[in-house]
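Below is one structure, written out as structure tokens, with a few remarks after it.
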Amino acid sequence: MKPDEFLETLYLGDRGCKAVLLDGWNDEVKIQIDLISRKRSETWDFYSAEDVEDGFLVFEGVDYVSFDPPGYVPNDEIGDRQFLGYDGDRFTLMIELGHCDSTGKYTNVKTTIRAKSVAIERPGEESARIRD
């Protein structure tokens, strides 16, 4: 499944970003999400058979990542996603990850990632990534 098609099957509304892991040795960015659901039709409709609790959205073959504004560690809700297109064998995605500090100040962190592929990973199952 092409990355844009795969990303369209994800439901991340009212879900939270628990961690962002940058793995330079393996050219990966992993975003841990409290619950990843799949959409197997036009709408989510509370489908839960394929839910992955505390799973990772894994971007593989990453050669670029940025956070705008810089300096904030995402730790809150997941907002808009924009598939920005393909460039050769890579695609670019912008995903808004929320940051909330101890005073309640909220900031949207636009996270842009350029990668070769994307998958879902269940905690502890790195060798069995979900790609379709």
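The values are calculated or read from the model by the stated rules, or taken from the named source; none is laboratory data. Bear in mind the structure is a predicted one, so any value in this text is a computation, not a measurement. Every residue, glycine among them, receives a Cβ derived from its backbone with ideal geometry; neighbour counts consider all protein chains shown. Heads up: the accessible areas ignore ligands, DNA and RNA and are worked out on the full protein's heavy atoms, side chains in. Shrake-Rupley method; radii C 1.70, N 1.55, O 1.52, S 1.80 Å.
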Hey, could you get me the Stokes-Einstein D for the stretch 5-66, Kirkwood radius over alpha-carbon pairs, 25 °C and 0.890 mPa s, rounded to whole µm² s⁻¹?
195 µm²/s
Tell me which GluC sites (Glu not before Pro) from the stretch 30-132 have a DSSP coil assignment and no more than 10 other beta carbons within 10 Å of their own.
42
Quick one: putting +1 on the C-beta of Lys and Arg, -1 on the C-beta of Asp and Glu, what dipole do you get for the chain around its Cα centre, in Debye to the nearest 20?
140 debye
Just how far, in whole angstrom, is the stretch 67-132 from the stretch 1-33 if you go by their alpha carbon centroids?
5 Å
Of 9, 41, 22, which is farthest on the positive side of the dipole of the chain, counting Cα position, with +1 on Lys and Arg Cβ, -1 on Asp and Glu Cβ, and the Cα centre as origin?
22
For 43, 92, the accessible-area ranking with a 1.4 Å probe, largest leading, is 43, 92
Taking the Cβ of residue 76 as the center, what net charge do the other residues with Cβ under 15 Å away carry, scoring Lys and Arg +1 and Asp and Glu -1?
-2
In Å, what is the Rg of the alpha-carbon atoms in the stretch 61-132, and how long is Dmax?
14.2, 44
Give the residue list of trypsin sites (Lys or Arg not before Pro) in the stretch 1-34 that are DSSP loop and have at most 16 other beta-carbon atoms within 10 angstrom.
15
Anyone know which of 49, 119, 19 comes out most mobile in the 10 Å Cα GNM of the chain?
49
What does the convex hull of the Cα atoms of the chain come to per residue, in Å³, rounded to a whole number?
116 Å³
Between residue 130 and residue 68, take the C-beta separation as r, use R0 = 30 Å, and let me know the FRET efficiency to the nearest 0.05.
0.55
Rounded to the nearest 500, what is the 222 nm mean residue ellipticity of the chain from helices alone, with -39500 (n - 2.57) per DSSP H run of 4+ residues and division by all residues?
-1000 deg cm²/dmol
The stretch 37-102 - percent of accessible surface contributed by carbon and sulfur, probe 1.4 Å:
46 percent
